1. Give the relative contact order (percent, whole number) for the chain; include only Cα pairs under 8 Å separated by 6+ residues.
2. Quote the charge dipole size of the chain about the Cα centre in Debye, to the nearest 20; the model charges only the Cβ of Lys and Arg (+1) and of Asp and Glu (-1).
3. With unit charges on the beta carbons (Lys and Arg positive, Asp and Glu negative) and the dipole taken about the Cα centre of the chain, which residue among 119, 36, 103 sits farthest to the positive side?
4. Got a number for carbon plus sulfur as a percent of the chain's accessible area, 1.4 Å probe?
5. Count the net charge of all other residues whose Cβ sits under 14 Å from the Cβ of residue 42, scoring Lys and Arg as +1 and Asp and Glu as -1.
6. So how tilted is helix 3-13 from the main axis of the chain? Cα-based, degrees 0 to 90, rounded to 10.
7. Where the centre of each part is set by its Cα atoms, how far does region 1-56 sit from region 92-125, in angstrom?
8. So what's the net charge close to residue 122: Lys and Arg +1, Asp and Glu -1, counting the other residues with Cβ under 13 Å from its Cβ?
Amino acid sequence: MNPRILKKMSARAAPLLPLLGDRREQFRAKAHENYHGVFMPERKHWERHRCHPSYEPTNRWTTPRGAPLLYVTRAGQHMVMYPPQHPLAGTVMVGGISGYYEPEWDEQTAYEALSEAIFWRFFTHDPETETEGCSRDLSTPAAVFAAAAEVLAGISGVPAP
């Protein structure tokens, strides 16, 4: 998934959230002000920035072999790259205040909220064998939206489109 697809999936998921009972505030993301939690493995979408030649990165994002994602361009500039942390401007987000003693603002994209809500609808736990997991495959956006349609059809009793 890339940032553009995340924006489209969030726009598609936004009208479904109130039907599933999510009453958090919906709003549009502003450039470099909001955050998302979707990992985007395609490196062509990763952010690139210059860094000092003596920069020692943490091992937070590394290549599969464990090397840090630092490189030197042909022009001799030292660069660091990492997955995007901010959604595109205009991506539909949901958020609200959470916490009691120290309340904080919590936000996520509408697609993240939908996939999380659907995951917990199909989550199973067997206390005898201590096994747990999702009883349905939700690995793709198409599977998430198909499961959401089934859940909404079960709630309203009317087949979903």
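The values are calculated or read from the model by the stated rules, or taken from the named source; none is laboratory data. Keep in mind the model is a prediction, meaning the values are calculated, not measured. For neighbour counting, all protein chains shown are included, and Cβ atoms are generated from backbone atoms with ideal geometry for every residue, glycine included. In case anyone asks, the SASA skips ligands and DNA or RNA and just uses the protein heavy atoms, side chains included. Shrake-Rupley method; radii C 1.70, N 1.55, O 1.52, S 1.80 Å.
1. Numbers: 221 pairs, mean separation 44.2, N = 161.
Here the relative contact order equals 27 percent.
2. For the chain, the charge dipole is close to 1160 debye.
3. 36
4. Values: 5750 of 10700 Å².
Result for the chain: 54 percent of the exposed heavy-atom area is carbon or sulfur.
5. Working: positive: 4, 43, 44, 48; negative: 47.
For residues surrounding residue 42, the net value is +3.
6. That works out to roughly 10 degrees.
7. Comparing the Cα centres of region 1-56 and region 92-125, I get a distance of 14 Å.
8. Working: positive: 121, 136; negative: 116, 132, 137, 150.
My count for the surroundings of residue 122 gives -2.
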